[in-house]
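Trainee: First the structure, then my questions, so here it is.
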Amino acid sequence: MAAKEDLKSLLAQTRTGKQLSEYHLKLLKKQKINTLHEFLDAQNLHKFLALSIDQVEQIKRELLLVSVKSIKFSNLYQKQPFSYSTGIEEFDKLLEAIGQPFRPGRIWELYGESGVGKTQLLHTLAVNFVCKYRDCRQVLFLDTKRDFDSRRIHQMLQDRHLDTDAIKSCMRAINVIICASAESLIKALNNMIEQLSSGDDSIAQIKLVLIDSLAASFIFFRSAHERNMGRRWLNQLAMLMRTLAAQHGIAFVIGNLSMTSEDGAVDDDDDNEDYLTQCSPEAPEDGNLLGDYWDSVCTLSMAFELPDESNNDLRLLRILNNSFGISEGSCLLRITDAGVI
Amino acid sequence: MFKNIKMLEYCHKHCQDIKAMETSDSLFNLRQNIKTDVQELDEYLGGGIAIGRVTEFVGLSGTGKTQMCLQLSLNVQIPKQFSGLEGKALYIDTRGDFNPARLQELAIDLEKRFLHKALGFKSSTMMQNVYYQNCPSSAELFACIVNLNRYLNSNPSIKLILVDSLAFSIRMLENVRDRTNLLMELHALIHQVLCHHNVAVVLTNELGFYRSRRKWKLRSTLGEKHTHLINERIWLTENGNYVGKTLKFRKLVTSINANCG
């Protein structure tokens, strides 16, 4: 009965649908058309409602407009969008050049081999962000493999010659949640949405979410059954991130693992116990551990790599994919104790 | 043998609960470390092996991995007034390599260092505080790690878990796929243990030669996924100690090997 009421109330909201009489509604019920979906799908509506085809089509069109929430473009469009600074000069220049500055609502991804310094770069971004905007904005670090190092943060802040109070307030602005599995990651983001929409102010200041590393929580899904589960959760996660990004203007930077597959073909000795022997579709051909779908989630993906084996501190940040502009370009960064510069 | 899906699902079930949000400031004040007694290494690591993380020692045989493990199992017991943890250690041995006599020697050395300063910090009590578990096969290692949660519940003073050597027992399996499966499940279990208990996990790993592009290269064993899942890797070599995940990225920390002769 509730569904019927639903259709009735929806019809009442439309201009043409309002004119349907009680008799028409009874006829609909008789034809077992109780939901919006059934109404839209029903054939020959005009015949038994004794209305013209045009009229029925008009009602359908209006019903669709009512049922699908639409947002006016002008609400989304900001005339002068606010851009954050990453605090890394070269990086900012590169972003400027490719036309994707660091803005609220962006979802970025960082690829790299293990040990290349992804975590270091994410730590640096967190520190730079709170140093600049600590009065009104905070950072959330979602840690899936316990790589968050408060001491490193402390050291970076100390290298900036801040006084003790400033360091303390910066460190208070970096929040950490340890998520041991994909599910808990989803739960954490879900909680965030709930808290934000219920008007809880405690986390309203969080404007940047760093996830390190996404691959680590999905690496465990190995059997066929679990891989499907993993994909489902990955989709859910993508949806949650998009929601947070669109509705609350939260920017995401995600650390992801890439594997060296370039010399995999000749890697035929007996100790080849890692990914190459696996038949999983997530096995990296292009270095992406999370499958093709994931490629489409992020608005910008970057690779972090070592350009020159003789110089251990230099790193190359290369744009892999950019959904808002040119997807070419790179910049050189240096890894130091004070973070990435 | 290890295609046991149920086990992993069990892990997921227990990892669902998320921890509350903490600020890095409070984490900074809570951090605890176990000294390695290699000064530069301790400085780099911010006071030693960090509680709540997975640290791996890697090196060719004879470079002092086992020695380091033995030393750590004693250093975790340093009394609180000397900024130690006053905890206990669980030594999981896969190679049957554990040498109690060597441990005793090290314990007596440590006792001498704290002579007249810490009463009751005796080598005999130190020996009692190192629990030993022999796991000669990978199945036993797996069983041991599965039971770790329960074991730690009944022995909450254990602060350090050593697995010497992880590579040895994993590489006992013939099938490569089984190896990776087992390794991933072990990692999932270790993660779960770290979630519920305040312990440090130390693993040891071996180096092996790999052929890539017709050249032989030295690399740590167990593959890239494993590399990604550990938090810190420390390389023990004859020239010194390095820190870093791979050979390419490693960084020299100590130039002379201070700990191991």
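The values are calculated or read from the model by the stated rules, or taken from the named source; none is laboratory data. The model shown is predicted, which means the values in this text are computed figures rather than measured ones. FYI the Cβ positions are ideal-geometry reconstructions off the backbone, even for glycines, and counts take in every protein chain you see.
Trainee: Here are some conditions: (1) in contact with a Phe, Trp or Tyr (Cβ under 8 Å, 6 or more places away or on another chain); (2) within 13 Å of another protein chain (Cβ to nearest Cβ). A:Ile107 meets all but one. Which one does it not meet?
Mentor: (2)
Trainee: Which of (1) at pLDDT below 85; (2) out of contact with any Gly (no Cβ under 6 Å at 6 or more places or on another chain); (3) under 20 Å from A:Arg242 (Cβ atoms) is the odd one out, the single condition A:Ile107 does not satisfy?
Mentor: So A:Ile107 meets the others, but not (1).
Trainee: Hey, another quick one. Could you look through the range A:211-221, keep only residues that are in contact with a Lys or Arg (Cβ under 9 Å, 6 or more places away or on another chain) and not in a helix (DSSP H, G or I), and pick out the one that is farthest from the other protein chains (Cβ to nearest Cβ)?
Mentor: Looking at residues that are in contact with a Lys or Arg (Cβ under 9 Å, 6 or more places away or on another chain) and not in a helix (DSSP H, G or I), I get A:Asp212.
Trainee: Looking only at residues that are in a helix (DSSP H, G or I) and of a type in the set (S, T, N, Q) in the range A:181-202, which one is farthest from the other protein chains (Cβ to nearest Cβ)? Working first, answer last.
Mentor: The first filter runs over the range A:181-202 and keeps only residues in a helix (DSSP H, G or I), leaving A:182-197, A:201-202.
Now drop any that are not of a type in the set (S, T, N, Q), which leaves A:184, A:190-191, A:195, A:197, A:202.
On the way: A:Ser184: 4, A:Asn190: 10, A:Asn191: 8, A:Gln195: 10, A:Ser197: 17, A:Ser202: 9 Å.
Ranking the qualifying residues of the range A:181-202, first place goes to A:Ser197.
Trainee: Exactly one condition in (1) modelled with pLDDT of 85 or more; (2) in contact with a helix residue (DSSP H, G or I) (Cβ under 8 Å, 6 or more places away or on another chain) is not met by B:Leu222; state its number.
Mentor: (1)
Trainee: Considering every residue within the range A:122-139, establish whether at least one is more than 26 Å from B:Lys225 (Cβ to Cβ), out of contact with any Leu (no Cβ under 8 Å at 6 or more places or on another chain) and of a type in the set (Ser, Thr, Tyr).
Mentor: yes
Trainee: Let me ask another. Would you pick out the residues in the range A:36-58 that are in a loop (DSSP other than H, G, I, E, B), surrounded by 15 or more Cβ atoms within 10 Å (Cβ to Cβ) and within 44 Å of the chain's Cα centre (by Cα)?
Mentor: Listed by number, the list holds a single entry, A:Ala42.
Trainee: May I ask you to list the residues in the range B:195-247 that are small (Gly, Ala, Ser), in contact with a strand residue (DSSP E or B) (Cβ under 8 Å, 6 or more places away or on another chain) and either within 11 Å of chain A (Cβ to nearest Cβ) or part of a strand (DSSP E or B) (or both)? First the steps, then the outcome.
Mentor: Start the filter on the range B:195-247 by keeping residues that are small (Gly, Ala, Ser), which leaves B:200, B:208, B:212, B:220, B:223, B:240, B:244.
Still in the running and in contact with a strand residue (DSSP E or B) (Cβ under 8 Å, 6 or more places away or on another chain): B:200, B:208, B:220, B:240, B:244.
B:Ala200, B:Gly208, B:Ser220, B:Gly244 - these are the residues of the range B:195-247 that are small (Gly, Ala, Ser), in contact with a strand residue (DSSP E or B) (Cβ under 8 Å, 6 or more places away or on another chain) and either within 11 Å of chain A (Cβ to nearest Cβ) or part of a strand (DSSP E or B) (or both).
Trainee: Going through the range B:36-52 one residue at a time, which ones are under 15 Å from B:Lys65 (Cα atoms) and charged (D, E, K, R)?
Mentor: Residue satisfying the conditions is B:Asp37 alone.
Trainee: Can I ask one more? Name the residues in the range A:241-256 that are in a strand (DSSP E or B) and out of contact with any Pro (no Cβ under 6 Å at 6 or more places or on another chain), would you?
Mentor: Quick first cut of the range A:241-256, residues in a strand (DSSP E or B) only: A:251-256.
Of everything in the range A:241-256, those that are in a strand (DSSP E or B) and out of contact with any Pro (no Cβ under 6 Å at 6 or more places or on another chain) turn out to be A:Phe252, A:Val253, A:Ile254, A:Gly255, A:Asn256.
Trainee: List the strands (runs of 3 or more DSSP E) inside the range B:25-137, counting only whole elements, that have at least 1 residues being surrounded by fewer than 21 Cβ atoms within 10 Å (Cβ to Cβ) and away from chain A (no Cβ under 14 Å).
Mentor: In the range B:25-137, B:88-93, B:130-134 are the strands (runs of 3 or more DSSP E) which contain 1 or more residues that are surrounded by fewer than 21 Cβ atoms within 10 Å (Cβ to Cβ) and away from chain A (no Cβ under 14 Å).
Trainee: While we're looking at this one, here's another question. Does B:Asp164 satisfy being modelled with pLDDT under 90, touching a Phe, Trp or Tyr at 6+ places or on another chain (Cβ under 8 Å) and crowded, with 20+ Cβ neighbours inside 10 Å? Full working, then the answer.
Mentor: Working: modelled with pLDDT under 90: yes; touching a Phe, Trp or Tyr at 6+ places or on another chain (Cβ under 8 Å): yes; crowded, with 20+ Cβ neighbours inside 10 Å: yes.
Yes: the conditions hold for B:Asp164.
Trainee: Take the residues of the range B:194-205 that are in contact with a Leu (Cβ under 8 Å, 6 or more places away or on another chain) and crowded, with 21+ Cβ neighbours inside 10 Å: which is nearest to B:Arg150 (Cα to Cα)?
Mentor: So the residue we want is B:Val199.
Trainee: Condition test on B:Arg95, is it basic (Lys, Arg) and more than 17 Å from the chain's Cα centre (by Cα)?
Mentor: No; evaluated as a whole, the condition is false for this residue.
Trainee: A follow-up question, please. From the list A:Gln236, A:Gln205, which residue is more than 11 Å from every other protein chain (Cβ to nearest Cβ), in contact with a helix residue (DSSP H, G or I) (Cβ under 6 Å, 6 or more places away or on another chain) and at pLDDT 80 or above?
Mentor: A:Gln236
Trainee: Still on this structure, I have one more. Among the listed residues A:Met259, A:Met241, A:Met229, identify the single one that is among the aliphatic types (A, V, I, L, M), more than 15 Å from the chain's Cα centre (by Cα) and either within 17 Å of A:Lys187 (Cα to Cα) or at pLDDT 75 or above (or both). Outline the logic, then answer.
Mentor: Values: A:Met259 fails: either within 17 Å of A:Lys187 (Cα to Cα) or at pLDDT 75 or above (or both); A:Met241 fails: more than 15 Å from the chain's Cα centre (by Cα).
Residue meeting the stated conditions: A:Met229.
Trainee: Just the residues that are among the hydrophobic types (A, V, I, L, M, F, W, C), at the interface with chain B (Cβ under 9 Å from one of its Cβ atoms) and not in a helix (DSSP H, G or I), please, taken from the range A:115-138.
Mentor: Matches in the range A:115-138: A:Val116 only.
Trainee: Among the residues of the range B:169-194, which ones are facing another protein chain (nearest Cβ under 7 Å) and not hydrophobic (A, V, I, L, M, F, W, C)?
Mentor: Taking the range B:169-194 first, the residues facing another protein chain (nearest Cβ under 7 Å) are B:176-177, B:179-181, B:184, B:188, B:191-192, B:194.
Within the range B:169-194, B:Arg177, B:Arg179, B:Thr180, B:Asn181, B:His191, B:Gln192 qualify.
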